[in-house]
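Taken together, the values in this text are just the output of simple stated rules run on the coordinates, not laboratory data. This structure is a prediction, so every number in the text was calculated from the model and none was measured. Ideal geometry is used to build each Cβ from the backbone, glycine not excepted, and the neighbour counts take in all protein chains shown.
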Number of protein chains: 2
Amino acid sequence: MQSKEQIQNLVKEQADLVRKLKAEKEIKDKIDQEVAKLLKLKAQLKAIEEDDVPSTKNFVLKAPKGTRDFTPEQMAIRKSVFQKIIAVFDKHGAETIDTPIFELKDVLTGKYGEDSKLIYDLKDQGGEILSLRYDLTVPFARYLAMNKISNIKRYHIAKVYRRDNPSITRGRYREFYQCDFDIAGVYDPMIPDAECVRVVYEILDSLHIGNFTIKLNHRQLLDGMFEACGVPTECFRAICSAVDKLDKSPWEEVRKEMINEKGLSPEVADKIGKYVQLNGREKLIGELLADSNLTKSKSAVAGLEAMKLMLHYCNLFGVSDKVLFDLSLARGLDYYTGIIYEAVLQDSTSEGSVGSVAGGGRYDNLVGMFDPKNKQVPCVGVSIGVERIFAVIEAKAAASKMKVRTTNVEVFVASAQKNLLEERMKLCTELWNKGVKAEQSYKKNPKLLAQLQHCEEYQIPLAVIIGESELQKGVVKLRDVVSRNEVEIPRAKLGEEIRKKLQEINTPMLNGYGSKTN
Amino acid sequence: MQSKEQIQNLVKEQADLVRKLKAEKEIKDKIDQEVAKLLKLKAQLKAIEEDDVPSTKNFVLKAPKGTRDFTPEQMAIRKSVFQKIIAVFDKHGAETIDTPIFELKDVLTGKYGEDSKLIYDLKDQGGEILSLRYDLTVPFARYLAMNKISNIKRYHIAKVYRRDNPSITRGRYREFYQCDFDIAGVYDPMIPDAECVRVVYEILDSLHIGNFTIKLNHRQLLDGMFEACGVPTECFRAICSAVDKLDKSPWEEVRKEMINEKGLSPEVADKIGKYVQLNGREKLIGELLADSNLTKSKSAVAGLEAMKLMLHYCNLFGVSDKVLFDLSLARGLDYYTGIIYEAVLQDSTSEGSVGSVAGGGRYDNLVGMFDPKNKQVPCVGVSIGVERIFAVIEAKAAASKMKVRTTNVEVFVASAQKNLLEERMKLCTELWNKGVKAEQSYKKNPKLLAQLQHCEEYQIPLAVIIGESELQKGVVKLRDVVSRNEVEIPRAKLGEEIRKKLQEINTPMLNGYGSKTN
């Protein structure tokens, strides 16, 4: 047999010959003959190329590292969580936008500090150099600058990509959803900032995933505190990131890191230690404003005044019971410039501590990085940690042993005897026309037992059963799948009887994963 | 000033020194002194690295070629379309799944023929070699094979990626949504296939985008027809793809291609021409079954019998008025093995002809390509061409000059005088607690006119206005934004009065883009 290359050459030669004959206006029969040869050669080549394709059976079938497929059960939970979150965004008048999954690489460059190494790049296949988005905040800032939008309240729910090492940082994935709510615009202090807290409060409240606290702090206060304690300016970031570890490590360890790794003197570290162990509400702010060491720093005073206003507004928005001013809250991202938030679940589920389920803050300088005239659009926003929330709810669903419904089918159309497929199809059509969610077996002659088992498996509340005698009488049997009660209904009244029955039994629908567990 | 490399070297030397001193258990003061030097060097290096970052202001701000951002107006239309489509999937009992945006490159290899060159590859950053998904069908087949799922009815709405040349193929994008409904499982002939037609019918009907036809054909009939006309077997694919052009080109052009490029004799081409110009319903099938030339081919007879059953089921499902058996329908993808569908809009909008808005077919051999034992899971499905549907609806919305609502805000909380921010905040809180969708200005002392203009711009139906006198009397003014009528309402009755008023004026909400235009 000839090799692929040999045949490729023959195809080329033959094509040249055909072109030549055509150019020379050779007689048609002659050309046709050579064209036929060419086509035969091309077919041979195609057959070889098809054999060439690497068999897909030689590799392990899997989703890429750090990513997952989602089953119908998981998707049912996700849909339900997203609906609840969107309902809150909607209640607060947010619009939504979308941006591409990838950006020009330059858009992402220089925004994530040392985490930039986690960015997924696309292969250079000619044309623009692209990377997958790392978060939704930078694309949002790019969108605002590009479209010269100076104010918007928007939410964006979409997947982002980080080449994190999923086996090291447990529970982290390389593809995951972010769920962001941001308010951009030049407004008066702390008014949009406080609404973000209210939004987080309403979302966590509506999800029924346990008791939570929304911790608040302020970048200016952190900077002022470091200044007052004698931290050299160039070390602010490093010390800030050490403080950020206080949610996982005890003070003693963080202190050691500050002294041994970051080079602070023990005295300075101990001063910081005194502050970062403080948390409280209005009273604490009063005490700190009376602290002459701290109030040497203008930045600290500004931060404290802002925090005072914030707590006042949180009061007016009815969320003070969950809000805590916490001096240990630091948050890693460099772009925050004002208030910072983090919501933590207090209850630990059987899965152990969950930790942060929302976070965010004010970033007034990011949009300006994209504007040719450095025009700033101040922004404040919060990101809901939906992946952690999904994990909590999945664990709850598993623990409750309640099977999650994955469809909303109201009625299964079943037949008690053979040869009734056409009657079932007519009945389905009647129900669909009436807006009833209905399905049937795709088999011509399914067994009645198999049909009823399908109803139980998918928790379909009602079955309509037809047999020869029902057809003759112009009735159907309406069966309550759980109680197994059956009643005969005149066919003409089927629609209304189904509606009535569904109201009586009040079945949890797909998106009511929690209607029994909540 | 020292270069970055010089400082990097100094940092390295100094770090080595510190390590050495620590190893030698040098006295603390000495170590601290050297650590301080190290920190200073590190800070210097960091400052240089930050300057190093390419300025984002040196490049044109844009979304990558072939992709788009979506504005709130576009997203409002998209949300509304998706909701209607999902409602139909839901009515037919479909579950939903999700898969990662990228797959191992090997999963996609050999599935798309020559279109494989349009696949986006990710850069090799170590680890697995990945590509962005090209459609949702191949990931679905991978999911079924990997999880050994032998039957499922699922929909999947997600973005797919093709490095097409958007300027050449007009209206095509490199990132776009697909919206697929598929039924997998070993079932009786044409029962799930007919339900797919019903699903397309319900979706296009519910979207009110114009009159449509769902064209049907069968791969076995096409093959049989080619066989009966005397097309050499190795040319079936090439001739099939020529036939596929009949929706855009007249027969004369396609005929020329068949003869001049694909090497068919004019006689064979004319025989094909006779068939592909036929379309009809049951009567046509009868005629073709009486065509002794065609019925020489077993494949043609099988295709015709299948089509006959299909039309019968379409009848029972109440969709015959839109269904047309059309022998010119071919569809490009290689993996189809049975029925093929394509829905076309008949009306042309002001934007010109829209063409195909849904398509699909049966693919019984794709899942087996992923199974180590080649176990087949027969599948049939349809993909809704949502991007074209969006374009039609956006054009309609633009033509109607009706502004699309982008939020669902019911009530705007306004103040008529200065210094009422806190009262507005309390009122917002009251409304949010009652589940009312409400917003206010983020300014401390906004002008009343500006507040009312915001209501008109965002089509917020109601405004609640408070001033000193209203506060004293315990009332609020409730303003109908369109009619500008105002009534005084006791504050205690505000919730119910708002509900009443909203029902009276029946404002179109965000997802009712079409409630007036449909």
Check your understanding: By the scheme Lys and Arg +1, Asp and Glu -1, what is the net charge of all other residues having a beta-carbon under 10 Å from that of residue B:263?
Key -> +1
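For the stretch B:104-175, count the residues as N, evaluate 2.2 N^0.38 Å, and divide the Cα radius of gyration by that value, please.
Compactness ratio reported: 1.25.
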Point to revise | Estimated dipole of the stretch B:212-346 in Debye, rounded to 20 [Cβ of Lys and Arg +1, of Asp and Glu -1, Cα centre] | key: 180 debye
**Study point:** Per-residue mean of C-beta atoms belonging to partner chains within 10 Å, peptide B:106-113
**Key:** 4
Point to revise | Dipole moment magnitude, nearest 20 debye, chain B about Cα centre, only Lys, Arg, Asp, Glu C-beta charged | key: 1420 debye
Point to revise | Cβ-based exposure ranking for B:156, A:218, in which fewest neighbours within 10 Å come first | key: B:156, A:218
Point to revise | Packing-based exposure ordering (other Cβ within 10 Å, fewest first) of B:208, B:312 | key: B:208, B:312
Revision key, fill the gap. Here, the stretch B:182-269 modelled as identical Cα point scatterers in vacuum has Debye log10 I(q)/I(0) at q = 0.17, 0.22 Å⁻¹ of -0.86, -1.02
Check your understanding: What order do you get for A:423, A:504, B:410 when you list them from fewest to most C-beta neighbours inside 10 Å?
Key -> A:504, A:423, B:410
Review point. How many percent of all Cα-Cα pairs in the stretch A:411-506 sit more than 16 Å apart?
Key: 49 percent
Check your understanding: How high is the relative contact order of the stretch A:212-346, in percent, with contacts defined as C-alpha pairs under 8 Å that are six or more residues apart?
Key -> 51 percent
Practice item. On a 0 to 90° scale, report how tilted helix B:448-457 is relative to the longest principal axis of chain B, with both axes built from alpha carbons and the result rounded to the nearest 10. Key: 10 degrees
Exercise for review: Specify, for chain A, the residue whose C-beta is closest to the rotation axis mapping it onto chain B, with the distance given in whole Å.
Suggested key: A:123, 2
Exercise for review: For every other residue with a beta carbon closer than 11 angstrom to the beta carbon of residue A:137, add +1 if it is Lys or Arg and -1 if Asp or Glu, then tell me the sum.
Suggested key: 0
Review point. Along the charge dipole of chain B, Cβ charges K/R +1 and D/E -1, which of B:214, B:233, B:104 sits furthest on the positive end?
Key: B:104
Review point. With respect to the cross-link table entries A:401/B:159; A:117/B:12; A:123/B:159, which display a Cα-Cα separation exceeding 27 Å?
Key: A:401/B:159
**Study point:** Copy-to-copy label separations for residue A:13, where each label sits 7 Å from Cα toward Cβ, in nm and ascending
**Key:** 7.0
**Study point:** Mean shadow area of the stretch B:4-52 over all directions, Cα convex hull, nm²
**Key:** 3.0 nm²
Exercise for review: Would you calculate the volume per residue, in Å³, of the smallest convex hull containing every Cα atom of the stretch B:212-346?
Suggested key: 100 Å³
Study note, to complete from the structure: Taking Cα atoms, the helix A:219-229 axis meets the longest principal axis of chain A at an angle in degrees (rounded to 10) of 40 degrees
Exercise for review: Would you mind checking the radius of gyration and Dmax of the protein assembly as shown based on alpha-carbon positions, in Å?
Suggested key: 33.3, 105
**Study point:** Folded to 0 to 90 degrees: helix A:298-316 orientation relative to chain A principal axis, Cα
**Key:** 60 degrees
Exercise for review: Express the relative contact order of the stretch B:4-52 as a whole percentage, based on alpha carbon pairs under 8 Å and six or more residues apart in sequence.
Suggested key: 55 percent
Exercise for review: Place the label 7 angstrom along Cα→C-beta at residue B:43 and in each other copy, then list the distances from the first to the rest in nm, shortest first.
Suggested key: 7.9
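How big, in percent, is the set of alpha carbon pairs in chain B lying more than 40 Å apart?
Pairs farther apart than 40 Å: 47 percent.
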Study note, to complete from the structure: Inverse of <1/r> over all distinct C-alpha pairs of the stretch B:112-246, i.e. the Kirkwood Rh in Å, gives 18.5 Å
**Study point:** Charge dipole of the stretch A:4-52 about the Cα centre (unit charges at C-beta), most positive-ward option of A:7, A:18, A:38
**Key:** A:18
Practice item. Quote the relative contact order of chain B in percent (integer), defining contacts as alpha-carbon pairs under 8 Å separated by 6+ residues. Key: 14 percent
Check your understanding: Got the residue A:500 label distances to the other copies yet, label 7 Å along Cα→Cβ, in nm, shortest first?
Key -> 3.3
Check your understanding: Averaged over peptide A:84-97, how many Cβ atoms belonging to another chain are found within 10 Å of each residue's Cβ?
Key -> 6
